[in-house]
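The numbers here are math on the coordinates, done by the rules we state, and not lab data. The shown structure was predicted, so the numbers you read here are calculated from the model rather than taken from an experiment. No Cβ is skipped: glycine too gets one built from the backbone with ideal geometry, and neighbour counts run over all protein chains shown.
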Amino acid sequence: MSVQENSSANAAIVAELIRSRRTIHEFLPQQPPPRELILRGIELARWAPNHFLTEPWRFYLLGPQTAAAIARLNAELVSRKQGPDAGQAKLERWLTIPGWLVVTCENSDDPIRAREDYAACCCAIHNFSLYLWSEGIGVKWTTGAVTREPQFYDLIWVDPTVETVVGLLWYGYPAEIPQTPRKALDEILVELP
């Protein structure tokens, strides 16, 4: 196989991964993916582009105690807004999620660097998600209200003056894969002379 044929084959694989990846909302319960695949995903995440090689991301792989504490915190928040039944339902659902990872970004006083670093962390999360998808593992990236609670930061041992949560990632084997359409290219592309 020539270099050009190999490049075309690789491009087709990457294109299919990008097109097929979906946010997974429902996971097969109690089936966490192998730890080595998650660590490989984190290792690949850190190869995301980042301005001036700041590498602003930090990854917090959560164990069952921390995940359960976050699930309880979220249930309290939901109960306050929607009532105890809604909070209990949310708790039960969250306790079935097999894998938990938090990604943070180092804070910067420079607003331009802060924006660049946040974007780099988003790219890192996408790298992580694409790699796991290639292994048959789905990811949901959430930025729900619980991730902004001071107690959330306490639970993951993060000082919010030093780092900001970019996302709480759930991962596991998909129970179902949603189908989502995208706008046509001519609806989103503007070509300038």
The distance between the Cα centres of the range 75-89 and the range 1-50, in whole Å, is 35
Highest average packing first - 15-22, 143-150, Cβ atoms within 10 Å:
143-150, 15-22
Please compute the modelled spin-label separation between Gln31 and Ala86, points set 7 Å along Cα→Cβ, answer in nm with one decimal.
3.2
Using r as the Cβ-Cβ distance of Gln65 and Ala9, and R0 as 41 Å, what FRET efficiency do you calculate, to the nearest 0.05?
0.40
Between the alpha carbon centres of the range 103-119 and the range 160-193 the gap in Å comes to 19
Which log10 I(q)/I(0) values, to two decimals, does the chain give at q = 0.12, 0.14, 0.15 Å⁻¹ under the Debye formula with one point per Cα?
-0.70, -0.92, -1.03
Using a Cα-Cα cut-off of under 30 Å, which lysines could be cross-linked to Lys183, ignoring same-chain neighbours fewer than 8 residues away?
Lys140
Using only Cα atoms, find the angle between the long axis of helix 3-20 and the longest principal axis of the chain, and express it within 0 to 90 degrees, rounded to the nearest 10.
30
